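The values are calculated or read from the model by the stated rules, or taken from the named source; none is laboratory data. Everything quoted here is computed from the prediction, not taken from an experiment. No Cβ is skipped: glycine too gets one built from the backbone with ideal geometry, and neighbour counts run over all protein chains shown.
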Amino acid sequence: MRSRPNPRRERPRRSRLAAVLVTILAVTAALVVAGCAKGSGSSAPADGGNGVASGKPVPGGSLTVLEGPLTGTWPAGLDPGTNTTGTYDQSYMDAIYGELFELGPNGTTIPDLATGYKVLDNGLTVQISLRPGVTFSDGTPFNAAAVKYNIERDLGFTCTCTPTWPLKSVTTPGALTVDINLTKPFAALINSFHAADVNWIASPTAIQKMGEAAFRIKPVGAGPFTVVSDSLSDQLVLKRNPGYWDKPEPYLDGLTFRVVASDNAALEDMQAGQGDAYEGLQAVSLVPQFEQHFTVTNEHSTSVYVVQLNTKTAPFSSIKAREAIYYATNAQQLDAKLYDGLQVMTQSFMAPGGLFAEAAVPGYRTYDLAKAKALVKQLGGLSITTEGATPGSTLENLIEGIASQWEQAGIKVTIIPSTSLTSAMQAFRSGTWQSFVQTVGAFDPAAGLGVGVRFLSTSFESGIDNPTLDGLFAKAAGELSPAARGQVYDQAAEYISANALAPLLFAVVDFNVAAKDVRGTGLTSYLPGSAVRPEVLWETVYRTNG
């Protein structure tokens with residue numbers, strides 16, 4: 001029987017929405033989904049129960065949004081096809097390109113640049129209908145040919161944000177109709193758009209005219225904003241797209257993203273008036289200071305922290321070494337010391353903000369220092385390296401806390417810092433790493449930066465090469481019944497646990513911060529009737545001038 005996630009502990013002055021397990025949309029033949037289509041400003045923000053009144057949108061003004069050093073970088077530019085940073089740059093991409101589909105209230109799919117979809121031929125074809133009358137910001141038509149070009153181009157590149165569809169072909173039966181034809185059913189196909197490069201449609205004309213090198217610096221999409229200037233991994237300056245389809249949005253005249261060194265640096269900059277918002281605050285200890293002057297909104301996490309173990313090489317090719325790590329890791333103590341007890345404990349790879357979340361896994365090895373010490377003694381000692389720490393970040397504190405626990409069990413630990421997202425990717429590609437503290441998860445396990453990135457043999461960021469586990473994840477992705485999918489994911493979680501492949505800790509706690517006069521869906525409020533916080537919809541963000 002599936003366990004319900006533990007509720008979050010209440011903190012004063014900030015309401016906590018109960019964790020919601022969203023039911024995936026069952027894929028059946030000839031199912032037609034129109035969704036809660038946007039239009040005529042219908043996505044304007046509202047109070048989602050977090051105490052932040054929306055007020056009336058006021059057009060004009062500008063906003064400077066601060067981003068952290070790890071998740072805020074875009075070293076290869078902002079071309080969906082050549083993107084290398086997964087969905088870490090999702091906010092920038094959404095602002096420039098818009099989206100075919102958005103994640104809506106309670107896990108529903110909201111068509112944006114699409115208007116809906118049909119699932120045909122017993123799941124072998126997904127037909128997407130596109131919004132008429134839309135143009136890219138260079139004036140060229142947004143149509144089926146453009147979407148086909150982008151999907152085929154994106155799938156030809158290697159990125160963690162590229163979906164792993166069993167694709168047969170992409171066809172265009174009409175000027176505004178795209179068919180994605182599959183070799184076998186893939187239940188997560190529409191959900192996979194939410195965090196994938198194929199959701200961002202670039203102007204084919206601009207790519208071909210400018211060339212990829214120039215396009216990645218000043219890309220052209222059909223989203224609410226256009227690029228003014230782009231200093232890679234430093235600052236991105238955008239302006240309002242006057243031809244955006246969903247008027248009166250966007251409300252802001254200007255939107256700037258700027259990378260800062262840490263949560264502390266973000267606090268200092270916002271207090272000095274050098275930033276109006278901050279995405280992804282993780283330092284719980286700083287929340288009261290931010291709350292003194294700004295609006296702080298708790299994100300509803302779809303990711304959990306995982307201790308990745310490279311089982312392809314020593315020492316973690318030995319199950320005893322892996323078991324020692326399981327028994328030496330005390331997730332509840334880490335939560336209490338570092339996160340004020342706010343984390344949701346989990347023994348599986350999904351957080352309560354996503355599908356198929358499971359708090360407890362049968363047979364999971366929980367903290368037992370005596371067993372950890374005994375295993376280390378049996379091994380004749382255990383010396384390891386662990387990576388993932390960005391200097392000055394909350395993740396660095398977490399890794400230091402984990403290393404301290406391991407050392408109590410007699411494990412010798414060397415921490416290797418990851419100074420940037422690029423350096424972390426290089427470490428993964430080298431294949432010589434031993435352990436890595438990272439996050440895993442997505443709204444749908446088979447979508448975007450889902451479980452496959454950390455657990456599939458085909459992923460360069462995985463330390464696992466296991467055909468049985470590969471088969472379980474493939475089976476789950478192909479199950480059209482939500483109940484059947486959940487059962488297979490349970491089996492996968494139990495298999496990971498039984499073989500001690502990667503300890504899971506707890507859901508990631510993140511907060512978004514905004515100036516008191518700033519409002520916006522995903523930034524300061526939830527969608528109406530929803531407990532699932534979507535990505536920030538930048539077209540809805542505005543200043544109240546008060």
Say whether the condition of being at pLDDT 95 or above and under 27 Å from Glu461 (Cβ atoms) is met by at least one residue in segment 128-146. no
For segment 406-423, what are the residues that are touching a residue at least 60 places away in the same chain (Cβ under 8 Å) and touching a strand residue (DSSP E or B) at 6+ places or on another chain (Cβ under 9 Å)? Trp406, Ala409, Ile411, Ser418
I'm told Ala283 meets every condition in (1) buried (at least 20 other Cβ atoms within 10 Å of the Cβ); (2) within 18 Å of Leu395 (Cα to Cα); (3) assigned by TED's automatic domain parsing to the domain that holds Phe136; (4) over 21 Å from the mean Cα position of the chain (by Cα) except one. Can you identify the failing condition by its number? (4)
As an exercise: evaluate Thr329 against (1) closer than 27 Å to Ser233 by Cβ; (2) crowded, with 20+ Cβ neighbours inside 10 Å; (3) among the β-branched types (Val, Ile, Thr) and give the number of the one condition it does not meet. (1)
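Per-residue answers, yes or no, for (1) closer than 13 Å to Leu505 by Cβ; (2) acidic (Asp, Glu); (3) in contact with a strand residue (DSSP E or B) (Cβ under 8 Å, 6 or more places away or on another chain):
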position	(1), (2), (3)
Ser262	no, no, no
Ala266	no, no, yes
Ala277	no, no, yes
Ala283	no, no, no
Asn310	no, no, yes
Gln333	yes, no, no
Gln347	yes, no, yes
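Conditions tested, residue by residue: (1) aromatic (Phe, Trp, Tyr); (2) crowded, with 22+ Cβ neighbours inside 10 Å.
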{"position": "Ala357", "(1), (2)": "no, yes"}
{"position": "Leu369", "(1), (2)": "no, no"}
{"position": "Gln378", "(1), (2)": "no, no"}
{"position": "Ile384", "(1), (2)": "no, no"}
{"position": "Ala409", "(1), (2)": "no, yes"}
{"position": "Ile415", "(1), (2)": "no, no"}
{"position": "Phe455", "(1), (2)": "yes, yes"}
Please determine, by comparing only the residues of segment 473-513 that are of a type in the set (D, E, K, R) and more than 22 Å from the chain's Cα centre (by Cα), which one is farthest from Leu189 (Cα to Cα). Glu494
Quick one: Gly139 ticks every box in (1) surrounded by fewer than 17 Cβ atoms within 10 Å (Cβ to Cβ); (2) farther than 19 Å from Val227 by Cβ bar one, so which box is it? (2)
Do you know which residues across segment 446-493 are farther than 18 Å from Pro163 by Cα, among the small types (Gly, Ala, Ser) and in contact with a helix residue (DSSP H, G or I) (Cβ under 6 Å, 6 or more places away or on another chain)? Ala492
Of the conditions (1) more than 17 Å from Gln90 (Cα to Cα); (2) aromatic (Phe, Trp, Tyr); (3) surrounded by 19 or more Cβ atoms within 10 Å (Cβ to Cβ), Trp200 satisfies every one except a single condition; which number is it? (1)
Restricted to segment 172-208, and to residues that are hydroxyl-bearing (Ser, Thr, Tyr) and touching a Ser or Thr at 6+ places or on another chain (Cβ under 9 Å), which residue is modelled with the lowest pLDDT? Ser192
What number of residues within segment 286-302 are closer than 21 Å to Ile399 by Cβ and either under 20 Å from the mean Cα position of the chain (by Cα) or not in a helix (DSSP H, G or I) (or both)? 1
Which condition number in (1) assigned by TED's automatic domain parsing to the domain that holds Val453; (2) under 21 Å from the mean Cα position of the chain (by Cα); (3) of a type in the set (A, V, I, L, M) is the one that Ala277 fails? (1)
Is it the case, given these coordinates, that Gly211 is over 24 Å from the mean Cα position of the chain (by Cα) and surrounded by fewer than 20 Cβ atoms within 10 Å (Cβ to Cβ)? yes
Just to be sure I understand the filter: pairs with C-beta atoms under 7 Å, separated by 6 or more residues or on different chains, first member in segment 491-503 and more than 14 Å from Thr311 (Cα to Cα), second member in a helix (DSSP H, G or I). Which pairs pass? Gln491/Leu472; Ala492/Leu469; Ala492/Leu472; Ala492/Phe473; Ala492/Ala476; Tyr495/Thr468; Tyr495/Leu469; Tyr495/Leu472
Within segment 473-530, which residues are polar (S, T, N, Q), surrounded by fewer than 19 Cβ atoms within 10 Å (Cβ to Cβ) and within 25 Å of Ile319 (Cα to Cα)? Gln491, Asn499
Quick one: Thr109 ticks every box in (1) farther than 27 Å from Val227 by Cβ; (2) modelled with pLDDT of 90 or more; (3) in contact with a strand residue (DSSP E or B) (Cβ under 9 Å, 6 or more places away or on another chain) except a single one, so which number is it? (2)
Being among the β-branched types (Val, Ile, Thr), surrounded by fewer than 24 Cβ atoms within 10 Å (Cβ to Cβ), closer than 27 Å to Leu338 by Cβ and within 21 Å of the chain's Cα centre (by Cα): is that true of Val306 here? yes
Only residues that are aliphatic (A, V, I, L, M), surrounded by 17 or more Cβ atoms within 10 Å (Cβ to Cβ) and over 10 Å from Glu539 (Cβ atoms): list them for segment 215-253, please. Val220, Ala222, Val227, Leu236, Val237, Leu238
When segment 259-290 is checked residue by residue, the ones that are over 23 Å from Thr87 (Cβ atoms) and β-branched (Val, Ile, Thr) are Val284, Val287
